[in-house]
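Reviewing the structure listed below.
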Amino acid sequence: MTPSDYETVVYDLDGTLVRLAVDWDAAATDARALFAANGHEEDGLGLWAMLERADDHGLGDEFEALLAEHEREGARASTRCPRADDLPLSVPTGVCSLNCEAACRIALDRHELADAVDAVVGRDSVATHKPDPAPLSAVIERLGGRPATTLFVGDSERDELTAERAGVDFEYV
């Protein structure tokens, strides 16, 4: 089946439609510095694990702001991935990303994809983030779709797990 064979299609953003030019090592270094400045050593954790712990240490808002700034910068310098050439589709189309919503919108605008996307849910758009199914479910709802007739296109095991948990077909890029 092709994406247009579904009633709704949702794409991951980074690595699927575009590649954000984020220096993830610098983001992780800044995040560790934030934790350290607040008395928490997180040297052994990766960036996404620190994201999971930020709220536990009362650093959720600061961590989000720090990470979002790196992502917005990366979105401004992003490159287009081949899968972006699928757009526009003839069915409602959305984006569900672990990146912040503003970075998603910047990247979509930069690559003239915004008009081809009907709904965007980023990490900060709903209360949880992938692989929790809630962000994907929120996009599907905004598109007026149903999980059983939706395809999620992504580039990671996290994306695949999100689709599985939401009861949605998945296609790996």
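Quick note: the coordinates plus some simple rules give every number you see, no bench work behind them. Computed from a predicted structure; not experimentally measured. Glycine also receives a Cβ, built like all others from the backbone with ideal geometry; neighbour counts cover every protein chain displayed.
Using the Cα centre as the reference, give the magnitude of the dipole from point charges on the C-beta atoms of segment 24-76 (Lys, Arg: +1; Asp, Glu: -1; all else neutral), rounded to the nearest 20 debye. Don't skip to the end; give the middle numbers.
Numbers: 4 positive and 14 negative charges, 29 e Å.
For this selection, approximately 140 debye.
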Hey, fewest Cβ within 10 Å first, where do M1, M50 land in order? M1, M50
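List the equivalent ellipsoid semi-axes of segment 24-76 in whole Å, largest first, each obtained as the square root of 5λ for an eigenvalue λ of the Cα gyration tensor.
Details: eigenvalues 64, 26, 16 Å².
After scaling each eigenvalue by five and taking roots: 18, 11, 9 Å.
Mean separation of Cα pairs under 8 Å and 6+ residues apart, divided by the residue count of the chain: what relative contact order is that in percent? Could you put the intermediate results ahead of the total?
Numbers: 314 pairs, mean separation 48.5, N = 173.
It comes to 28 percent, rounded to a whole number.
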Whose amide H sits under 5 Å from the amide H of V10, counting only residues 5 or more places off or on another chain, with H placed in the peptide plane? G94, L151, F152, V153
By the C-alpha gyration tensor axes a ≥ b ≥ c (rounded if a/c is under 1.5, else prolate when a/b exceeds b/c, else oblate), the shape of the chain is prolate
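In what sequence, highest mean first, do 119-132, 4-17 appear when ranked by Cβ atoms within 10 angstrom? Working shown, then result.
Values: 119-132: 18.8, 4-17: 23.0.
Ranked from most to least packed, the peptides come out as 4-17, 119-132.
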